[in-house]
Structure formats: structure tokens, C-alpha cells
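Quick note: the coordinates plus some simple rules give every number you see, no bench work behind them. Just so it is clear, the structure is predicted and the values come from calculations on it, not from any experiment. Backbone-built Cβ (ideal geometry, glycine too); neighbour counts: all protein chains shown.
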Amino acid sequence: MLSAATVHIATPAFDWHAFAPDLVLVATMVVVLVADLLLPDRESWRTSSIAAVGLLGALVPIATLVHSGHDRNLFNGAYVVDHYALALKAFFIIATYITVLLSVDYIREGDYYKGEFYFLLLVSTFGMSIMASSRDLISLFVALETISIPTFVLATFRKHDRASNEAGVKYYLIGVLSSALMLYGMSLIYGVTGATKLSDIAAYMSQHGTVPLVAVAMFLSLVGFAFKVSAVPFHFWAPDTYEGAPTPVTAFLSVASKAGGFVALINIVYFGFFLPNGRAADSWWPVLWVLAALSMTLGNLVALRQTNIVRMLAYSSVAQGGFMLVPFAAAGIAGADGHPGKAAAAMSAVVIYLLIYGAMNLGAFAVVIAVARRTRSAEISSYDGLWEIAPGLAVVMGIFLASLAGVPFFAGWFAKFVMFRAIIDAGTGWAIALGIIAAVNSVIAFFYYARPIRAMIFHAPTTEDRTPIVIPQPLFAAIALTVSVVVVVGIYPQVFARVGELAF
């Protein structure tokens with residue numbers, strides 16, 4: 001029986017400010033779901049407006065958290081809100097906002113479930129936001145599945161299109177396989193170390209080194225992540241899924257969802273497997289070296305043969321993923337040589353590349369959507385003579401493709417610069433060899449990125465119709481926003497360089 005004395009039960013402190021961006025996203029998801037249920041079908045466009053406003057609203061607490069200037073460790077370090085997490089949260093939210101702009105007219109004009117579409121986008125974005133702060137194997141896995149499961153549905157959103165259904169099934173099956181491999185690797189890590197928190201795993205490995213079973217667990221986990229980021233040889237789902245999915249979903253998969261996989265990889269490699277003494281780096285950097293080399297080479301070579309611009313951009317995404325894996329390998333090499341500062345700089349290069357790639361690829365898909373509204377085709381031949389019909393679209397598409405190729409002075413050149421700087425800083429023979437492979441592949445990429453540019457400028461239009469291409473306002477805003485980022489960062493790269501420096 002309880003005594004008359006007051007029983008005090010301690011409750012854990014909950015930092016509402018730190019969770020504010022995630023809570024805003026959850027509130028937006030609920031409002032979109034309820035609005036879709038209650039609003040008449042003719043007013044269903046409002047769900048896109050609610051989603052857009054909610055996404056912009058989630059940026060407000062991110063700005064206040066940045067202004068506060070100090071890191072926040074929650075749940076005994078399992079959830080961290082620092083500059084790295086805030087930069088990536090902002091990136092994911094902005095990328096999703098641009099995806100909403102791409103989707104408004106595309107979804108409204110098609111035979112789609114509108115409210116569910118934006119709800120699923122928001123759920124996936126919520127998973128990305130949680131991913132950026134996760135420092136625990138369990139929360140990492142749950143966040144990654146929260147990202148992936150809605151995209152399985154989004155990939156099949158052309159419900160009466162057989163190609164879309166096939167694309168979604170392939171994506172789902174490969175996604176389930178990758179999750180199983182990754183979860184098995186994580187279970188082995190827990191079995192050996194007795195910990196799920198990344199800092200505890202790092203502490204165990206610092207004391208005991210990388211035992212053989214942990215090396216196997218690392219390999220399985222990295223293979224699982226390789227599926228998520230469509231790295232060769234685990235990329236074969238990407239081209240069919242990208243082509244079969246609705247184009248705004250393809251843009252989302254190629255940027256935000258892919259970036260989510262890379263962020264998970266950064267978290268587990270840098271915060272769990274990377275150690276200042278380099279005792280763990282030798283166990284994982286060779287795997288990333290091979291994945292980077294294969295992804296760059298095969299992605300670029302196959303992209304050369306594509307006649308469909310969506311499939312070309314799909315293989316381009318595989319190759320760009322390989323370029324992003326290069327600093328990972330460089331970080332491991334630098335860590336193994338006892339240079340943790342160089343390794344941190346290499347990881348910041350991955351973040352910078354992700355931010356720039358997001359702007360370039362979303363912009364390119366925005367133009368693809370704009371052109372397809374008229375041509376109803378994604379073939380590169382449908383871009384013949386675009387300079388005569390829509391010179392503005394031809395110019396911005398040329399800017400995005402040139403930036404993806406790394407042409408100065410567009411943002412892509414700075415992404416390539418930080419990648420090669422990470423290789424040079426690592427300085428070993430293996431790093432230089434990977435740098436040579438990256439340089440050769442950068443040259444190869446010029447050829448297939450130049451094909452649409454050549455078609456737009458030097459080929460005659462295939463149709464006699466010269467009426468202007470009408471671009472809806474949301475789509476125009478997405479193009480304007482992304483091309484502004486590509487141009488500004490290309491001329492003044494310190495904008496993103498500072499973000500990368502603050503992250504690590």
C-alpha cells in the first residue's frame with residue numbers, strides 16, 4: 001500500500017524545439033489526410049497547397065535551431081540535432097517541396113489519387129528527416145523503411161499502366177531483399193558488440209578491433225545500402241523503375257530517396273565504423289572503392305546507348321552515385337592512414353555533392369515534364385529543335401545537363417572539385433587510381449549529356465507546330481528555383497562549401 005508520502009516519478013526531458021521540424025511534418029501529414037477525406041473532389045488540388053505550406057513551415061524551426069547555435073543530444077545520444085542533421089533536414093524538405101511543385105499539374109491532369117500522393121511524399125520525407133538525426137541502428141533501419149515503403153506505392157501510381165506496375169514490383173522486390181541483407185548485417189553487429197547505438201559500437205571496435213564477424217556484418221550492411229543508392233551491381237531496378245514511375249516520382253526517387261540512402265550510409269560508416277585510429281577503416285573502404293569504380297564506369301557506358309532521356313538520366317543517376325561514393329572511399333583511406341581531419345573533409349564533400357546533385361537533377365526532370373506536356377514523349381529525338389520552339393527551356397535544360405557534366409561555371413563543377421580534392425588529400429596509390437577512374441568517367445559523361453543539347457540546338461524540329469510550350473506556374477517556379485541554385489553556386493560555391501564545413 002502506498003504511503004502518504006508523495007511518490008515522485010522522474011520523466012525524461014523532451015526537447016520540443018529539437019523535434020519541431022519532424023512534428024510540423026507529422027501535423028501536415030494529418031491535415032493532408034483529413035483534407036483529402038473531407039474536401040470535394042473538385043477541390044482536391046488544395047491537398048498539394050497544404051503539403052507545400054507545411055513543408056515550408058517545417059523550415060522555420062530548422063532556421064531557429066540553426067540560430068540557437070548548439071547541438072542537441074536526445075535519448076542518450078541516439079538522436080542528435082546538429083548542423084549536419086539540420087542541413088540535411090532542410091535539403092530533404094526543400095527537395096520534397098520542389099517535387100510537390102513538379103507534381104501539382106501532373107497529378108491533377110492524370111488519373112491519380114491526389115491526396116494519397118502528397119501524404120505518401122510527406123511520410124517518406126518524415127523518414128528522411130528522422131534519418132538525418134538517427135545515431136542508432138534501430139532508428140536508422142526504421143527511418144530507412146519509412147523512406148522506402150511509401151516510394152514502393154508511389155512508383156506504381158500509374159495504376160492503369162502496366163509498365164508502372166512492373167516497375168513498382170521490381171522496386172519492391174529489390175527493396176525487400178536489400179532490407180533483409182542490411183538488417184541481417186545489423187543483427188550481427190549487435191550480436192558481437194551488444195550495442196545498437198553507433199557511438200557504443202565505435203567504442204567497442206576501438207577497444208577490440210574489427211573481428212571477422214564484424215567485418216562480415218559490415219559487408220552485408222554496405223551491400224544493403226548499395227541497393228538503396230542503386231550502386232552497381234545492385235542497380236538493375238533503377239532504369240525500369242525510373243521509366244515506369246510517374247516523372248515527378250522519378251525525380252523524387254533520383255534525388256531525395258537516393259540521398260536518404262547516402263545519409264544512412266554516412267551515419268553508419270562515419271559515426272559507427274569510422275575510428276580516429278583507423279582500426280576499422282580497412283574493413284570497409286575497399287568495398288566502397290569497388291562500388292564507386294563500378295557505378296561510375298557502368299553507369300556512364302550504358303547511358304551512352306540510351307535513346308530515352310529518362311533512362312539516360314537513370315543511368316546518369318547510377319554514375320553520379322558512383323561519384324558520390326568516391327569521397328567515402330577516400331575518407332576510409334585517409335582514416336586508415338591516421339588522418340581523421342582529411343576523412344571528415346571527405347565526408348563533407350559527400351554532403352556538398354548531394355546538395356548540388358539535388359538541384360541539378362530535379363531541374364532536369366522539371367524540364368522533362370515541361371517538354372513531355374507537349375510532345376507526350378521522353379525520347380531524346382523529341383527534343384529536336386527545341387531551341388526554335390522554346391528557347392528558354394532549351395537554355396535551362398542545357399544548363400542542367402552541363403552542370404551534371406561538371407562544366408564550369410555551373411554548380412556541378414564544384415561538386416566534382418570537392419570530390420577530386422578528397423582523393424588528392426587521401427594521397428595513396430589506391431586513392432589516385434580511383435581518381436583516374438573518376439576523371440575518365442567525367443570525360444565519358446560529356447558525350448551523353450551533350451546529345452540532348454545537340455538535338456535541341458542543331459537538329460530541325462520534327463513537327464510543324466510552333467506554338468509556345470505552356471508551363472504551369474508551379475512547374476515554372478520549380479525550374480526557376482533549381483536553375484538559380486545551379487547558377488549561383490557555380491559562380492559563388494562558398495554558399496554550399498560553408499554548409500559542408502559546418503556539417504563535420
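The tail of the calculated P(r) for region 284-504, taken as Cα-Cα distances beyond 24 Å, holds 44 percent of the pairs.
Between Leu301 and Asp15, the distance separating the two model label sites (each 7 Å from Cα on the Cα→Cβ line) works out to 4.8 nm.
Computed from backbone phi, the HN-Hα couplings of region 262-267 come to 5, 5, 4, 5, 4, 4 Hz, rounded to whole numbers (Karplus: 6.51 cos²θ - 1.76 cosθ + 1.60, θ = phi - 60°; Gly and Pro given as x). Taking the Cα centre of region 284-504 as reference, the dipole from Cβ charges on Lys and Arg (+1) and Asp and Glu (-1) amounts to some 140 debye.
Each Lys and Arg Cβ is given +1 and each Asp and Glu Cβ -1; about its Cα centre, the chain then shows a dipole of about 440 debye. Taking each residue as 0.36 nm, the span from Val495 to Leu173 lengthens on full extension beyond its C-alpha to C-alpha distance by 112.0 nm.
Listed values [x] 92.7; [y] 25.0; [z] 26.4 include one computed from this model; for mean projected area of the Cα convex hull in nm² that value carries the label [z].
Rounded to whole numbers, the Karplus 3J(HN,Hα) couplings from phi for region 345-355 are 5, 5, 5, 5, 5, 5, 5, 4, 4, 4, 4 Hz, using 6.51 cos²θ - 1.76 cosθ + 1.60 with θ = phi - 60°, and x at Gly and Pro.
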